[in-house]
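The values are calculated or read from the model by the stated rules, or taken from the named source; none is laboratory data. Remember, predicted model here, so these are calculated numbers, not experimental data. So basically every Cβ, Gly included, is an ideal-geometry build from the backbone, and we count neighbours across all protein chains shown. What goes into the accessible areas is simple: the full protein's heavy atoms, side chains included, and nothing from ligands, DNA or RNA. Shrake-Rupley method; radii C 1.70, N 1.55, O 1.52, S 1.80 Å.
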Amino acid sequence: MADPAYSAALLDHFQQPRHAGSLPGDTPGLCTGEAEQPGGGRLVRFWLSVAPDGRIDAIRFKAFGCPATIAAASLASERLAGRSRGEAAALEAADLARALALPEAREPAAALVVRALRSALSGPGRGP
Amino acid sequence: MAAERPIYLDHNATTPCDERVVEAMRPFWSEAFGNAASRTHAYGWRAGEAVEDARARVARGIAADPREIVFTSGATESNNLAIQGVLRAAGAGGHLVTCATEHNAVLDPCRALERSGVAVTRLAVDREGRLRPEALHKALRPDTRLVSLMHANNEIGTVHDLAELAAVARAAAVPFHTDAAQSVGKIPVDVGELGVDLLSLTGHKLYGPKGIGALYVRRGPPRLRLEPLLFGGGHERGLRSGTLPVPLCVGLGAAVELAVRERDAEARRQRELRERLWKRVSAALDGVWLNGHPEARLPGNLSLSFAGIEGEALVLALDDVAVSTGSACTSARQEVSHVLRALGLPEARAQGSLRFGLGRSTTAEQIDRAADRVVEQVRRLRALSPRGKRG
């Protein structure tokens, strides 16, 4: 039987993460950013390839943390591939938390993913 | 999800009730249903006889006298009766010594006593979870009323040198309690050789039923004074009132007897399987560490840490292997169990822990499958992790 602590959507993204990995450093329009929980807990990093018209051509993520962290990063990547920079910036942690049916205690995982994403969107060519 | 039942490698959490134990308990649910305290008819006599027979079996398993065995609902109650019982019988205040890696069933009663004015010393352990007898010696005070130190750790498997530690307390005439929930039936437990005054054990960790345990209370001299937690009927020589659950007592007796009889052969077998698991995993992966003492550990326990991944994620990824972790993300931060914390491990090592608890039903084939799944899922999660294999 499935673990009752996790929703089907969370399990799906955790078991088959979308857009996992990284983009090479010479990717055109590369933007990177990360967010880390204080004390060395969850860590999420995004690589975005943003076209001149502001469209996200490619998105990749890496995540360390609980299943909710990995699933939220995967879901965010799935939602934003092919979308505009503006749409990406409008993504809220609550959207991810709702879609994955995260319990309140796990909402910080979604918030961290959104912070990592906004860090990547805040400027090109930064970060690792 | 896996269609078959997951491979059960969480025997430190609980064990299935052995079929032979279930069989021994069977008549005592409906057929021989008497109250062991009824002295006026055959129903009561039969139940009473069964309870005393079970008490003798439990006593034999730890080389005690049957009169030294008090049936309880499990190790939590036994620990509470021992710790609160001794401290409350001694009057207000006083001091007790325990250890940072104890189970919460010991730490929580200590905390409760602390709130009522008892001073508590929690001894630190070394990197492998062991205590130095000198540290215990130094912690003892003129008003120390009890030392409570576990025999074997439930999480990292480390076995304390209990005889050496108990001797320190005895030299100072301080009663010594041990939580032996993990050790009885796994490694030799002889209350005389260990030199303990109080010992907690439980049925469900040794293939007995849940809801039954016992506290060994050494008969004097000198007499050990214990204040009961429950009043009402004066059962168990006044130490634990309440109608005895006859089938569970019978089950505990049968389980202890079987576990002790089969202990040495089973320990050898599980130790070999544990080594097989460790070798297979550590040969395939970098950044994997053994937690706890390499030799002084429970035969069936393997606690590992994996760099670059988080424990809860690994547990979920291993959907066809039932294991546990001492690491979990909670709301604000990454939580690490108090046991791993007490070892002083680097953060990255404490975060990616996995506990394997092997048991009677564990086979070499299961170990190989579990090891391969662990290797596969650690690789998958590491590929996703921005932390890599940094330890």
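Here are a few things to note about the model shown:
- Scanning segment A:96-128 for residues that are among the charged types (D, E, K, R) and more than 25 Å from A:Leu30 (Cβ to Cβ) returns A:Arg98, A:Glu104, A:Arg106, A:Glu107.
- Among the candidates B:Ala56, B:Ala92, B:Ala37, B:Ala64, the residue that is assigned to a helix (DSSP H, G or I), open to solvent by 10 Å² or more (accessible area, probe 1.4 Å) and not β-branched (Val, Ile, Thr) is uniquely B:Ala56.
- Residue count for segment A:1-35, restricted to those that are free of Cβ contacts under 8 Å to residues at least 60 places away in the same chain, under 30 Å from A:Gly123 (Cβ atoms) and either small (Gly, Ala, Ser) or open to solvent by 40 Å² or more (accessible area, probe 1.4 Å) (or both): 7
- All positions within segment B:181-203 that are surrounded by 23 or more Cβ atoms within 10 Å (Cβ to Cβ) and closer than 21 Å to B:Arg269 by Cα: B:Ala181, B:Gln182, B:Ser183, B:Val184, B:Gly185, B:Lys186, B:Val189
- Residues (open to solvent by 10 Å² or more (accessible area, probe 1.4 Å), in contact (Cβ under 8 Å) with a residue 12 or more places away in the chain and either within 7 Å of chain B (Cβ to nearest Cβ) or charged (D, E, K, R) (or both)) located in segment A:37-52: A:Gln37, A:Arg45
- Scoring B:Leu381 on the criteria (1) within 30 Å of B:Val125 (Cα to Cα); (2) within 14 Å of another protein chain (Cβ to nearest Cβ); (3) of a type outside the set (Asp, Glu) leaves a single failure, condition (1).
- Yes/no for A:Ser119 being polar (S, T, N, Q), away from chain B (no Cβ under 11 Å) and farther than 24 Å from B:Ala317 by Cα: yes
- Residue among A:Leu91, A:Leu102 that alone is open to solvent by less than 60 Å² (accessible area, probe 1.4 Å), more than 17 Å from B:Glu312 (Cα to Cα), among the aliphatic types (A, V, I, L, M) and more than 10 Å from every other protein chain (Cβ to nearest Cβ): A:Leu91
- Checklist (1) out of contact with any helix residue (DSSP H, G or I) (no Cβ under 8 Å at 6 or more places or on another chain); (2) within 30 Å of B:Val375 (Cβ to Cβ) applied to B:Arg280, failing item: (1)
- Test: residue in segment B:350-362 that is within 23 Å of A:Gln16 (Cα to Cα), at pLDDT 95 or above, within 14 Å of chain A (Cβ to nearest Cβ) and open to solvent by less than 20 Å² (accessible area, probe 1.4 Å): no
- Of everything in segment B:300-327 that is among the β-branched types (Val, Ile, Thr) and outside any strand (DSSP E or B), the residue that is nearest to the other protein chains (Cβ to nearest Cβ) is B:Ile309.
- Residues that are within 18 Å of the chain's Cα centre (by Cα) and either of a type in the set (A, V, I, L, M) or open to solvent by 80 Å² or more (accessible area, probe 1.4 Å) (or both), drawn from segment B:259-270: B:Ala259, B:Val260, B:Ala267
- Matching entry among A:Ala97, A:Ala63 (being of a type in the set (Gly, Ala, Ser), open to solvent by less than 20 Å² (accessible area, probe 1.4 Å), touching an Asp or Glu at 6+ places or on another chain (Cβ under 8 Å) and modelled with pLDDT of 95 or more): A:Ala97
- Matching residues, segment B:226-244, being within 22 Å of the chain's Cα centre (by Cα) and either surrounded by fewer than 18 Cβ atoms within 10 Å (Cβ to Cβ) or farther than 17 Å from B:Arg88 by Cα (or both): B:Leu229
- The set of residues from segment B:223-236 being farther than 15 Å from B:Ile69 by Cβ and touching a residue at least 24 places away in the same chain (Cβ under 8 Å) comprises B:Arg225, B:Glu227, B:Pro228, B:Leu229, B:Gly233.
- Total residues in segment B:169-180, condition surrounded by fewer than 24 Cβ atoms within 10 Å (Cβ to Cβ) and assigned to a helix (DSSP H, G or I): 2
- Every residue from segment A:77-88 that is farther than 20 Å from A:Asp12 by Cα and either touching a residue at least 40 places away in the same chain (Cβ under 8 Å) or surrounded by 14 or more Cβ atoms within 10 Å (Cβ to Cβ) (or both): A:Arg83, A:Ser84, A:Arg85, A:Glu87, A:Ala88
- Reported count of residues in segment B:276-317, each being hydroxyl-bearing (Ser, Thr, Tyr) and surrounded by 24 or more Cβ atoms within 10 Å (Cβ to Cβ), is 2.
- Selection from segment B:140-150 of residues that are in contact (Cβ under 8 Å) with a residue 40 or more places away in the chain and not in a strand (DSSP E or B): B:Leu140, B:Arg141, B:Asp143, B:Leu149, B:Met150
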